[in-house]
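To start, the structure itself, in structure tokens.
Bear in mind these aren't lab numbers, they're just calculated from the coordinates by the rules spelled out. Note that the structure is predicted; figures quoted are calculated from it, not measured. Counting neighbours? That spans all protein chains shown, and the Cβs are built from the backbone with ideal geometry, glycine included.
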Amino acid sequence: MRKIRLVEGLPSAGEYNRLRKLVGWGTYHRAVIEESLPCSLYCVHATLGEELVGMARIVGDSGLVFYIQDVIVVPEHQGKGIGALLMDSVMAYVRAHASLNTTVGLMSARGEESFYQKYGFINRPSETLGSGMTIFWKGNDG
């Protein structure tokens with residue numbers, strides 16, 4: 001039986017788009033990925049044999065804010081603990097680099113909130129926090 005291996009580092013632009021496409025997320029132009037992914041503070045990916053089956057990364061400013069992004073597991077490998085391995089690695093990075101009152105955020109896919117609650121994340125809105133908000137930029141023309 002093949003074993004899951006975690007590797008710290010970035011996937012290629014092609015691998016990144018493949019993972020996003022497999023989970024039904026939009027893809028990006030190769031040049032945008034190649035310029036943007038290296039700006040991540042931390043990235044880990046999971047392989048099964050030679051196959052990339054998941055990834056997770058952190059973006060932010062290295063102190064005040066960490067944002068967990070792109071927690072992706074290939075659908076046929078979901079429910080096997082790969083997401084937990086990725087999140088354990090991401091949270092170890094946060095523990096090693098965050099300080100008092102650092103904000104750690106993420107946006108959960110619908111129905112996956114309980115997965116992230118195990119790591120201490122809370123749903124928004126709450127009694128003290130408003131809703132998280134997003135804009136999917138369509139360009140400078142409107």
Within region 71-99, residues of a type in the set (D, E, K, R) and exposed (fewer than 13 other Cβ atoms within 10 Å of the Cβ) come out as Glu76, Arg95
Output the number of the condition that Gly49 fails; it satisfies all remaining conditions of (1) buried (at least 17 other Cβ atoms within 10 Å of the Cβ); (2) at positive phi; (3) in contact with a Lys or Arg (Cβ under 9 Å, 6 or more places away or on another chain). (1)
Of (1) under 11 Å from the mean Cα position of the chain (by Cα); (2) of a type in the set (Phe, Trp, Tyr); (3) exposed (fewer than 14 other Cβ atoms within 10 Å of the Cβ), Tyr67 satisfies all except one. Which? (3)
Tell me, yes or no, whether region 92-99 has at least one residue that is in a loop (DSSP other than H, G, I, E, B), among the charged types (D, E, K, R) and farther than 15 Å from Ser40 by Cα. no
Just one listed residue, out of Ile135, Ile72, Ile58, is part of a loop (DSSP other than H, G, I, E, B) and either touching a Pro at 6+ places or on another chain (Cβ under 9 Å) or β-branched (Val, Ile, Thr) (or both), and it is Ile135
Restricting to region 10-46, name every residue that is small (Gly, Ala, Ser) and either within 26 Å of Arg110 (Cβ to Cβ) or in contact with a strand residue (DSSP E or B) (Cβ under 6 Å, 6 or more places away or on another chain) (or both). Gly24, Gly26, Ser36, Ser40, Ala46
How many residues does region 23-46 contain that are part of a helix (DSSP H, G or I), exposed (fewer than 15 other Cβ atoms within 10 Å of the Cβ) and of a type outside the set (Gly, Ala, Ser)? 6
